[in-house]
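**Q** First the structure, then my questions, so here it is.
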Amino acid sequence: MRTLRLLPCLLLLALLAAPSQAFAHKVNIFAYVDGANIVADCFFSKKDKVNHGVVSVIDAQTGAVLATGTTDEKGALIIPVPPKAVAAAHDLKLLLKAGEGHQGDTVVQASEFASLTAAAKAKPTEHAPAKTAEKAAPKNKANAPAKAAANAAASVETKAAPAATAIDEAALTRIVTQAVDQTMESKLAPVKRMLLESSEKSVSPTEVAGGIGYIVGLFGIMAFAASRRKDRSGK
Amino acid sequence: MHISEGVLSTPILAAGAVLTAAGTAVGLRKLDYDHLMTVAILSAAFFVASLIHVPIGPTSVHLIFNGLLGAVLGWASFPAILVGLLLQAILFQFGGFTVLGVNTFDMAAPAVICALLFRPLMLRGGRSRVIGAFLCGSVSVLLATIFTSAALAFTDEGFIHAAEVLAVAHLPIMVAEGFFTVLIVGYLTKVRPDVFTSTYSNQFRRSGDCAMEER
């Protein structure tokens, strides 16, 4: 009988010592913009990811739901930045519903996908210089035979040169931003991972001890008040 | 089973807050101040219990101990659970301040109901005490899943779905807490029988008796 009584105790101790401490009370979502996508990581704890949690991408200003997605088994979700959000340049709120009353949210700021907004705005204007350059190019070619053969080589060189650099500038900025984006992404990957890990804050023993201390203190105060009341009524 | 902030609508949050306030008022009134430390210890146990996970079943769920609190504290489970949940909200960000009322009621009301239902059994001693304590521990958890589902009834989740998922997930906890409550109640009746006899008798005397005593 005594051993029987000890069993649950031992079980409980085993549970206490078990390393897998998943906290299914708080659900977390961590999100950032990667290229044209929003990457979200949804988890209860480091080990406990949110399987098939529903994430809604909401315009933080209007409250309109722009897109929804479901997380995979690893709690990850990659969803393209909604075009509407890109156009409006509003902050995005990512709302995660993990079921049974578990809900978490995070904000992706418009500045994070500002490059996309800029790119979207630049597209129409980007075409314009390209077209003018194209138009300019045949003109140069047409003008060239009209001019003296001796001057031709020089004039083409001088006239073509600014046109070439103009094209290059636009192309160059694109190439450079792309290259920078790529290197930044690879360089920032560990930083992002670190941020993710630091956001996966689990309960520390200090907080537990603190909480117990608070409880004892609170009831201590109540006991003190009660004893004083008793003393007074006794007198 | 901590419902997160922002899930529930305002009327439900308000109803939960009102019910919890009422329960806490009754609990404090019926509280025998000589046993304040018992309440504190069990409140601390409740506070810590949610960190202990039982890795059985499809989802990982944590201990609740509301049945144990009900068995020992009766109506005083309300203030004890309120304090435990408040500190969990502050320190661990479980649940939240606005949902504190609903979460407290979901856990404390089953504790009180089970105490009222199973205490007569527990007081009989012997085998009935074991059965009573087990039922108190396990049925409290079952009722807590039902109450939580009821709170979620008006969300997208729906009552039936939430109740199914929560009840199934908490089956191992129901068994574990049943055994644990038997263990603790058995231990307490041996070591500190006065905890039961006095709090029990106070609990079920007409309300106001305790308050009279201490005045």
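The values are calculated or read from the model by the stated rules, or taken from the named source; none is laboratory data. None of these values were measured; they are calculated from a predicted model. With ideal geometry, Cβ positions are generated from the backbone for all residues, glycine too; neighbour counts draw on all protein chains shown. Just so you know, the surface numbers come from the protein's heavy atoms only, side chains and all, with ligands and any DNA or RNA stripped out. Shrake-Rupley method; radii C 1.70, N 1.55, O 1.52, S 1.80 Å.
**Q** For the stretch B:10-205, what is the charge dipole size about the Cα centre, in debye to the nearest 20, if Lys and Arg each add +1 at the Cβ and Asp and Glu each add -1 at the Cβ?
**A** Charge dipole of the stretch B:10-205: 740 debye, to the nearest 20.
**Q** Return the Cα extents of chain B along principal axes one, two and three, sorted largest first, each rounded to a whole Å.
**A** 47, 38, 28
**Q** Residues with amide H under 5 Å of A:Gln61's amide H, sequence separation 5 or more or different chain, H placed in the peptide plane at 1.01 Å from N; which?
**A** A:Asp91
**Q** Select from B:Ser50, B:Ser140, B:Ser128 the residue whose mean-square fluctuation is largest in a Gaussian network model of chain B (Cα-Cα springs shorter than 10 Å).
**A** For chain B, modelled as a Gaussian network with Cα springs under 10 Å, the answer is B:Ser128.
**Q** Which of the DSSP-defined H helices in chain B satisfy a minimum axial length of 24 Å, computed from C-alpha atoms, and a minimum mean Kyte-Doolittle hydropathy of 1.0?
**A** Counting only whole DSSP H runs, the qualifying helices are B:10-30, B:100-124, B:126-152, B:171-191.
**Q** Less than 19 Å from a label point 7 Å out along the Cα-to-Cβ axis of A:Ser198: which backbone N atoms in the stretch A:99-121 qualify, by residue?
**A** Within reach of a label on A:Ser198, which here means backbone N under 19 Å from a point 7 Å along Cα→Cβ, the stretch A:99-121 contributes A:106-109, A:112.
**Q** Please compute P(r) over all alpha-carbon pairs of the stretch A:28-113, binned at 10 Å starting from zero, and give each bin as a whole-number percent.
**A** 20, 55, 23, 3
**Q** Sticking with this structure for a sec: Once label points are set 7 Å from the Cα along Cα→Cβ at both A:Leu218 and B:Ala21, what is their separation, rounded to one decimal in nm?
**A** Distance between label points: 1.8 nm.
**Q** Ignoring ligands, DNA and RNA, what percent of the 1.4 Å accessible area of the stretch A:28-113 is carbon and sulfur?
**A** 51 percent
**Q** Still on this structure, please answer the following. For the stretch B:69-183, how big is Rg over Rh, using alpha carbon atoms and the Kirkwood form of Rh?
**A** 1.00
**Q** Right, next: Along the charge dipole of the stretch B:20-152, which of B:Gly84, B:Ile146, B:Thr20 sits closest to the positive end, that is, farthest toward it, with unit charges on the beta carbon of Lys, Arg, Asp and Glu (+1, +1, -1, -1)?
**A** B:Ile146
**Q** To the nearest 20 debye, what charge dipole does the stretch A:28-113 have about its Cα centre, counting +1 at the Cβ of each Lys and Arg and -1 at the Cβ of each Asp and Glu?
**A** Dipole of the stretch A:28-113, to the nearest 20 debye: 80 debye.
**Q** If you don't mind, another one. Taking K and R as +1 and D and E as -1, what net charge do the other residues with C-beta under 12 Å from the C-beta of B:Thr155 add up to?
**A** Summing Lys and Arg as +1 and Asp and Glu as -1 gives -2.
**Q** Calculate the spin-label point distance for B:Phe97 paired with B:Arg29, positioning each point 7 Å from the Cα along the beta-carbon direction, and give it in nanometres.
**A** Calculated label separation equals 2.8 nm.
**Q** Could you tell me how far the Cα centroid of the stretch B:112-135 sits from the Cα centroid of the stretch B:11-27, in Å?
**A** Centre-to-centre (Cα) distance: 26 Å.
**Q** Ordering A:Arg228, B:Arg129, B:Arg119 by accessible area with a probe of 1.4 Å, largest first, what comes out?
**A** A:Arg228, B:Arg129, B:Arg119
**Q** Let me ask something else. Quote the FRET efficiency, to the nearest 0.05, computed for B:Lys190 versus B:Thr10 with a Förster distance R0 of 51 Å and r equal to the Cβ-Cβ distance.
**A** Rounded to the nearest 0.05, the efficiency is 0.60.
**Q** Counting only other residues whose beta carbon sits under 11 Å from that of A:Gln103, what net charge do I get with K and R as +1, D and E as -1?
**A** Local net charge: -3.
**Q** How big is D for the stretch B:102-170, in µm² s⁻¹ as a whole number, if Stokes-Einstein is applied with the Kirkwood radius of its Cα pairs at 4 °C and 1.567 mPa s?
**A** In µm²/s, the coefficient rounds to 103.
**Q** What is the sum of charges around A:Leu66, taking Lys and Arg as +1, Asp and Glu as -1, for the other residues whose C-beta is under 9 Å from the C-beta of A:Leu66?
**A** Computed value for this residue: 0.
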